[in-house]
């Protein structure tokens, strides 16, 4: 019986997580148990257990006597998130410049080419996935598992709590910066690399924070 309950909890968790990935649940939305039961064909108990797990992961929040809601980020919270992201990625990048090898550079080049060849005119989910892969490749090149794990946690959650379509105006700018980053890492030029990554992250943060400020 316990094994069956565990299996149902996992199934419900994966199903709700997929709804989030597909953006069928939006920031601030109240999560109605009955709606989720009908949508997923599951009972209330595994759904509640899944929402509790998603709350621990930062995707939903519970409000006393009101139930669960999709996580909604304020402009101030987004500012703090991007400040932390910048600090983590700068340190990770310094390690990457020091420890990179030829295989690392080839892998980074392939991911940057994927970004360039993605033809969507807006900054969509696919472009976010490719962009994330570029940054995770740099993190992996640091050969520091702690920073890689921390940066991965950021990227695992940020897409679902911020509307990345607002990054559309900087699609080409980001591509140019990816190219400069690749060259700086190749040449072990930590000064240029850190300047570019700071500019890169700050530009993304400003666009997303501005969008949140308008909403508030």
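The values are calculated or read from the model by the stated rules, or taken from the named source; none is laboratory data. Note that the structure is a prediction, hence the values are computed from the model and not measured. Ideal geometry is used to build each Cβ from the backbone, glycine not excepted, and the neighbour counts take in all protein chains shown.
Comparison of 93, 88, 105 shows that the only residue that is assigned by TED's automatic domain parsing to the domain that holds residue 206, closer than 30 Å to residue 210 by Cβ, touching a helix residue (DSSP H, G or I) at 6+ places or on another chain (Cβ under 6 Å) and at pLDDT 95 or above is 93. Of everything in segment 60-77 that is modelled with pLDDT under 85 and touching a strand residue (DSSP E or B) at 6+ places or on another chain (Cβ under 9 Å), the residue that is surrounded by the fewest Cβ atoms within 10 Å (Cβ to Cβ) is 72. Taking segment 28-45 as the range and being under 26 Å from the mean Cα position of the chain (by Cα) and either surrounded by 17 or more Cβ atoms within 10 Å (Cβ to Cβ) or on the phi > 0 side of the Ramachandran plot (or both) as the test, the residues that pass are 28, 31, 36, 40. Residues satisfying the criterion are present in segment 167-184 (criterion: crowded, with 18+ Cβ neighbours inside 10 Å and under 15 Å from the mean Cα position of the chain (by Cα)). In this structure, residue 160 qualifies as assigned to a helix (DSSP H, G or I), surrounded by 17 or more Cβ atoms within 10 Å (Cβ to Cβ), at pLDDT below 95 and touching a strand residue (DSSP E or B) at 6+ places or on another chain (Cβ under 9 Å). The set of residues from segment 165-216 being on the phi < 0 side of the Ramachandran plot and not in a helix (DSSP H, G or I) comprises 187, 189, 216.
Residues in segment 190-206 that are touching a residue at least 60 places away in the same chain (Cβ under 8 Å) and farther than 9 Å from residue 86 by Cα: 190, 193, 194, 204, 205.
For segment 125-157, what are the residues that are under 18 Å from residue 54 (Cβ atoms) and modelled with pLDDT under 85? Listed by number, the residues that qualify are 153, 154, 155, 156, 157. Residues that are more than 25 Å from residue 213 (Cα to Cα) and free of Cβ contacts under 8 Å to residues at least 40 places away in the same chain within segment 141-179 comprise 145, 146, 149, 152, 176, 177, listed in sequence order.
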